[in-house]
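*Asks:* Before we start, here is the structure in question, set down as structure tokens.
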Amino acid sequence: PGAFSSSLAGFIEEPERKYCFECATEEQCQEWVEALKRASYEFLRRSLIFYRNEIQKMTGKDPLEQYGISEEARFQLGAHR
């Protein structure tokens, strides 16, 4: 499942495209579901950090500060559970 993350850009570029995954066991299916969730969260986390930094460069202000999210706050994979 880990090697699959490099091709996830296809989900963003072609949102209407359908993907079919076949698994031999229920356990294998759950592993794929978890891998896809982690990859999706990681993409959003990196996007948030990138755009937060870009907005701060342009305006001189942290756009998330008003929501009580400090500059030191780190968005970790485990935070969404």
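Rule-based calculations on the coordinates, nothing more; no lab input. Here the structure is a predicted model, which is why all the values come from computation and not from measurement. Ideal geometry is used to build each Cβ from the backbone, glycine not excepted, and the neighbour counts take in all protein chains shown.
*Asks:* Compare the peptides 20-28, 48-56, 34-42 by average per-residue count of other Cβ atoms within 10 angstrom and give them in order, highest first. Display every interim value, and only then the final one.
*Replies:* Numbers: 20-28: 8.7, 48-56: 12.9, 34-42: 15.1.
Final packing ranking: 34-42, 48-56, 20-28.
*Asks:* So for the pair Tyr67, Ala35, with labels modelled 7 Å out along Cα→Cβ, what separation do we get in nm?
*Replies:* 3.1 nm
*Asks:* If you don't mind, another one. Can you list the lysines whose alpha carbon sits under 26 Å from that of Lys37, skipping same-chain ones fewer than 8 residues off?
*Replies:* Lys18
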